[in-house]
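Only the coordinates and a few stated rules stand behind these numbers; no lab work does. Note that the structure is predicted; figures quoted are calculated from it, not measured. Counting neighbours? That spans all protein chains shown, and the Cβs are built from the backbone with ideal geometry, glycine included.
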C-alpha cells in the first residue's frame with residue numbers, strides 16, 4: 001500500500017510539475033518575444049542615439065547653421081529687392097543659390113547639410129536617418145530659425161521689417177490653394193533634382209562634394225525662380241521651401257505671417273511623401289543598351305531584311 005501510495009503520489013506530481021514548467025517556459029518565451037519586439041522598435045526609431053553625444057553635437061551644428069543661413073539668406077534677399085533694379089525678383093534666385101551652396105559645402109560633411117525640415121523628413125522617409133535624429137534636427141532647425149530672425153529684427157529698421165514682413169513667408173494676395181500647389185510642386189522639384197543625386201551614394205562619390213552641393217543649390221534656385229515668375233502676382237515673394245524659415249519669421253514678427261501658415265508646412269510635407277513613393281520605384285541603374293538590342297536602326301533593318309543572319313547572307317550574295 002505504501003508503495004502504491006508513493007507511486008500514486010509520484011504519478012500525480014509529474015503532470016502538475018510538467019504543466020508548471022510549460023507555463024514558465026511559455027511565460028519566458030513571451031517575455032523574450034516582447035523584449036525582442038520592443039528592442040527592435042527602439043532600434044528602428046534610433047532610441048540609442050538619444051544618449052549619443054554625437055547626435056546632440058550634430059543637432060547643435062544644425063541649429064547654428066540654420067540660424068546663420070536664415071540671417072544671411074534673408075538679408076541677401078531683402079538687399080536684392082532693395083537694389084533698385086527693374087526686376088529685382090530675378091536676383092533672388094542667385095542669392096538663394098550662393099547662400100545655399102556655401103552653407104551646404106560647409107555642413108554636408110558635418111551633419112548631412114539639412115538646415116531644413118524638408119531634407120530631414122525625406123531623409124527619414126528614405127531611411128537615411130532615424131526618427132530620433134530627424135526629430136532632433138527639425139527641432140534644432142526651428143529653434144535656429146527663430147534665433148536667426150530675432151537677430152534680423154534686432155538690426156533691421158522697423159520700416160524695413162514692416163515693408164518686407166521681416167523676410168518671412170506670406171501669401172500676399174495669393175490664394176491658399178494656389179500657394180499650396182506651388183509649395184508642393186517646387187518642393188518635389190528640389191527633391192527630384194537635388195535629393196535624387198545627393199542620396200545616391202555611388203553618384204555622390206563620382207561627382208564629388210562640390211558638384212553635389214551645386215546641384216542641390218541650383219535646384220532650390222530654379223524652384224524659387226519658377227515660383228516668383230509663374231503667378232504674375234507682383235506682391236508674392238515666392239515659395240517658402242523651408243517650413244522652419246516660415247515658422248521663425250512668424251514667431252519673431254507675427255502679424256500677417258500666420259495667415260495661411262499651414263500652407264508652408266503641408267505643401268512641402270506632401271511633396272516629400274509623393275517623392276518618397278515615386279523614388280522607391282525608380283530604376284537603380286540607368287537604362288544601358290546591350291549589344292544594340294533596342295537600336296531603332298537595327299529593329300528597322302531586321303523588319304525589312306529579316307534576321308541578322310539573313311542580312312549577312314544577302315550582303316554576301
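Just a few scattered comments:
- Compactness of the stretch 57-165 as Cα Rg over 2.2 N^0.38 Å, two decimals: 1.17
- Size descriptor, Kirkwood hydrodynamic radius, that averages inverse alpha-carbon separations across the stretch 49-279, Å: 17.6
- Its relative contact order, with pairs defined as Cα atoms under 8 Å and 6+ residues apart, puts the stretch 49-279 at 29 percent.
- Separation of the stretch 130-182 from the stretch 80-111 is 16 Å, based on Cα centroids.
- The stretch 180-228 shape via C-alpha gyration tensor axes, a/c threshold 1.5: oblate
- Shape of the stretch 220-278, Cα gyration tensor, a/c cut at 1.5: oblate
- Considering only alpha-carbon pairs that sit under 8 angstrom and 6 or more positions apart, the relative contact order computed for the stretch 71-167 is 26 percent.
- Shape analysis of the stretch 141-202 places it in the oblate category; the axes a ≥ b ≥ c from the Cα gyration tensor give an a/c of at least 1.5, with a/b not above b/c.
- Ordering of 209-216, 87-94 by packing [mean C-beta count within 10 Å, highest first]: 209-216, 87-94
- Label-point separation, residue 201 to residue 86 (7 Å along Cα→Cβ), nm: 5.2
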